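Notes for the one structure printed next.
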Amino acid sequence: MDFEYPARTRALIERLESFMAEHVYPVEAEYREHFRTTDDRWKTPALMHDLRDKAKLAGLWNLFVPRGHGDDDALSNLEYAPLAEIMGRVVWACEVFNCNAPDSGNMETLILYGSDEQKARWLEPLLAGEMHSAFAMTEPDVASSDATNIECSIERDGDEYVINGRKWFTTGAMRADCDILVVMGKTDPDNANRHRQQSMVLVPSDTPGVSIVRPRTTLGYDDAPYGEPETLFENVRVPVTNILLGEGRGFEIAQGRLGPGRVHHCMRLIGCAQRALELMCVRAESRSTFGRPLSKHQSVREDIAQSFCDIEQARLLTLKAAARMDLVGNKVARDYIAAIKIAVPAMACRVIDRAMQVHGAAGMTEDFFLAEAFNYARQCRIADGPDQVHMMALGKQVAGQHAAESS
């Protein structure tokens, strides 16, 4: 295995690290303070607009778009992975580079599955950073870890689809500038093949019948300015041309959409964990208890050592998953994608928790990024499929492989 990135990737790493040091880290406190004091939590702050303009000028824009999606000069999954890690060192930084979920996943969905008309109307403005989007899949009344359980109905009525259902954790839907929602529902609920019952349809956010029931929080965080609201669709009508790929293709789209997104989340979480480890080391050297620095206590040294090992293992596994995706495609690499989705969020939770412990009460406050990073890591143990689903799928796949080999 070659552990050296190609020259272009190394150059991008250097440019991105310089951009973060010059423009992002210095305004972290200002960004947090904005959301403590603003009267409009769902409006993108001027600070973010300024950072995004600078990222465009620096050529650090839409880095997530993978090779083979219309741009032969685009980055591979393996080349993008270390960049996602750098962005992940600040929970909100990926938006600076137009690489944030759910926009990145929705853009990739449109690149892969959108019609020319859909791309012109929604993809191009999203790529340009002129609008934002939301993704509506999870529902409050069913166990959405099994996506075939969803009950939102999408019924055809002439040249329109009529959508009725309730979603929640509709990432991005609270934004004042969220213009389009990607909604998953059932067009054929009686189909014997449960994976052909679902479809995905594009719903402009100002369509009559679309409403926000309430914003949601996770561990007290409301994820402003994106939001994770409960949303209601009551007799929402959209043209049949708004369907993605065709009826019955929703589950297929979801699988295609989530693969790269899982790598992105995992690399960002590795960035969170790496920064947490660095902060833990600084804190351990700067604080003393019982007559000596924390760093000289054996339990703290063990936490630092274990965290180093955990991060390195997770990083190597994720880079291998990215390399496999580039080599054989997302479907064939699904075992490694499942493995990182199991391993990395849990790792980040452990490492960040250790860093919080070393920081004492301060680690749980907004004075450090640790509490928000922990919330993000804990979310990711459920988002894009909970640990148990990925373990079930990976266990089945690995056991099946070995059973086939021995027969």
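The values are calculated or read from the model by the stated rules, or taken from the named source; none is laboratory data. Keep in mind that what you see is a predicted model, and the values were worked out from it rather than measured. Cβ atoms come from the backbone with ideal geometry, glycine included; neighbour counts cover every protein chain shown.
What to note about this one:
- Test result for Pro26, assigned by TED's automatic domain parsing to the domain that holds Cys94, surrounded by fewer than 16 Cβ atoms within 10 Å (Cβ to Cβ), of a type outside the set (D, E, K, R) and within 19 Å of Cys94 (Cβ to Cβ): yes
- Residue check for Gln401: surrounded by fewer than 17 Cβ atoms within 10 Å (Cβ to Cβ) and in contact with a Gly (Cβ under 9 Å, 6 or more places away or on another chain): no
- Close contacts from region 241-252, counting a first residue that is under 18 Å from Glu151 (Cβ atoms) and a second that is crowded, with 17+ Cβ neighbours inside 10 Å and of a type in the set (Lys, Arg), with Cβ to Cβ under 8 Å and a gap of 6+ residues or different chains, come to Gly248/Arg196; Phe251/Arg196.
- Residue in region 215-231 that is of a type in the set (Lys, Arg) and either buried (at least 20 other Cβ atoms within 10 Å of the Cβ) or not in a loop (DSSP other than H, G, I, E, B) (or both) present: no
- The test for being among the β-branched types (Val, Ile, Thr), at pLDDT 95 or above and surrounded by 22 or more Cβ atoms within 10 Å (Cβ to Cβ) holds for Ile340.
- Residues in region 139-196 that are of a type in the set (Phe, Trp, Tyr) and in contact with a Gly (Cβ under 8 Å, 6 or more places away or on another chain): none.
- Of the residues making up region 290-340, those that are among the basic types (Lys, Arg) and either assigned to a helix (DSSP H, G or I) or closer than 20 Å to Gly385 by Cβ (or both) are Lys296, Arg301, Arg315, Lys320, Arg324, Lys331, Arg334.
- Residue, modelled with the lowest pLDDT, within region 255-283, restricted to residues that are of a type in the set (Gly, Ala, Ser) and either surrounded by 22 or more Cβ atoms within 10 Å (Cβ to Cβ) or within 23 Å of Ile311 (Cα to Cα) (or both): Gly259
- Counting only helices (runs of 4 or more DSSP H) that sit wholly inside region 1-106, those with at least 2 residues that are touching a helix residue (DSSP H, G or I) at 6+ places or on another chain (Cβ under 6 Å) are 7-19, 46-57, 77-87.
- Residues of region 391-407 that turn out to be within 19 Å of Lys341 (Cα to Cα) and either of a type in the set (A, V, I, L, M, F, W, C) or in contact (Cβ under 8 Å) with a residue 60 or more places away in the chain (or both), as a count: 7
- Residue within region 167-185 that is surrounded by fewer than 22 Cβ atoms within 10 Å (Cβ to Cβ), in contact with a strand residue (DSSP E or B) (Cβ under 8 Å, 6 or more places away or on another chain), touching a residue at least 12 places away in the same chain (Cβ under 8 Å) and among the β-branched types (Val, Ile, Thr) present: no
- Yes/no for Phe251 being part of a strand (DSSP E or B), more than 26 Å from His49 (Cβ to Cβ) and among the aromatic types (Phe, Trp, Tyr): no
Per-residue answers, yes or no, for (1) in contact (Cβ under 8 Å) with a residue 24 or more places away in the chain; (2) more than 23 Å from the chain's Cα centre (by Cα); (3) on the phi < 0 side of the Ramachandran plot:
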{"residue": "Pro26", "(1), (2), (3)": "no, yes, yes"}
{"residue": "Arg32", "(1), (2), (3)": "yes, no, yes"}
{"residue": "Thr37", "(1), (2), (3)": "no, yes, yes"}
{"residue": "Asp40", "(1), (2), (3)": "yes, yes, yes"}
{"residue": "His49", "(1), (2), (3)": "no, no, yes"}
{"residue": "Gly59", "(1), (2), (3)": "yes, no, no"}
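- Boolean, Ile13 is among the β-branched types (Val, Ile, Thr), touching a Pro at 6+ places or on another chain (Cβ under 8 Å) and surrounded by fewer than 21 Cβ atoms within 10 Å (Cβ to Cβ): yes
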